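These notes are about the structure you will find just below.
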Amino acid sequence: MLTVSEKTYTVAEYFELEKHSEVKHEFVDGHLIEMSGEKKIANRIAGSLYALLLQLLNQEIFDVYFQDVRLSTVKGKRYRYPDVMVVPTIDDEDEYTVHQAVLVAEVLSPTTEKTDRNEKLKEYSKMPTLQYYLLISQEEPIIELYRRNGAIFEYLFFTERTERIDLPFFNVAFTLNDLYKKIL
């Protein structure tokens, strides 16, 4: 990720710029961070997760978003574009931004991995609605899952294609093979 300019923007300026920009930007404490293009494999993995979640979840209760919907992580200070998000259908007050993510997934890349593992993990884990944060490898079938258990997040690591990834908040599960089939 690349900071676009040293100018500090207000949230209102950011929202207006995003409406007309050909490139998406994340907003971090007044600074714009240009979202670089991704590899086709990262897009296929995110698309596969999106399709899988659409199949598994009750769409009367949850919406699933894929890449171009903004997430408010710290209202008025930080806005991100996760690869995949699940939010309650009642989170519809804003047509561009969601505020109540229950699941957030990021497909790791060399340019975003450090931010995904550190800054975004801290931001996402402070969101009271978040139950799951998935870090997904595009190099090999690996998922790292942070799962809320009361006031803490448990860390789970999955490397076997047949391993079951349980998401008890949604009462669903899937395997690495379900996600990565025909991809890796």
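Every read-out reported here was derived from the displayed coordinates using simple, explicitly stated rules and does not represent laboratory data. Bear in mind the structure is a predicted one, so any value in this text is a computation, not a measurement. Cβ atoms come from the backbone with ideal geometry, glycine included; neighbour counts cover every protein chain shown.
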Would you mind finding the one in 137, 109 that is of a type in the set (Ser, Thr, Tyr) and over 16 Å from residue 179 (Cβ atoms)? 109
Pairs, first surrounded by 14 or more Cβ atoms within 10 Å (Cβ to Cβ) in the range 83-96, second among the acidic types (Asp, Glu), C-beta under 8 Å, six or more apart: 83/106; 86/63; 87/63; 88/63; 91/63
Tally the residues that are charged (D, E, K, R) and free of Cβ contacts under 8 Å to residues at least 40 places away in the same chain, restricting the search to the range 43-82. 3
Looking at residue 148 and the list (1) outside any strand (DSSP E or B); (2) surrounded by fewer than 21 Cβ atoms within 10 Å (Cβ to Cβ), which single condition is not satisfied? (1)
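Considering only the range 38-46, I want to know if a residue exists there that is under 18 Å from residue 135 (Cβ atoms), part of a loop (DSSP other than H, G, I, E, B), over 15 Å from the mean Cα position of the chain (by Cα) and not acidic (Asp, Glu).
Looking through the range 38-46, at least one residue is under 18 Å from residue 135 (Cβ atoms), part of a loop (DSSP other than H, G, I, E, B), over 15 Å from the mean Cα position of the chain (by Cα) and not acidic (Asp, Glu).
Step by step: first the residues of the range 102-116, then only those that are touching a residue at least 40 places away in the same chain (Cβ under 8 Å) and within 9 Å of the chain's Cα centre (by Cα), then the one that is farthest from residue 132 (Cα to Cα). Which residue is that?
At the first step, the residues of the range 102-116 found to be touching a residue at least 40 places away in the same chain (Cβ under 8 Å) are 102-103, 105, 107, 109, 111-112, 115.
Next cut, within 9 Å of the chain's Cα centre (by Cα) only: 103, 105, 107.
Numbers: 103: 5, 105: 8, 107: 14 Å.
Ranking the qualifying residues of the range 102-116, first place goes to 107.
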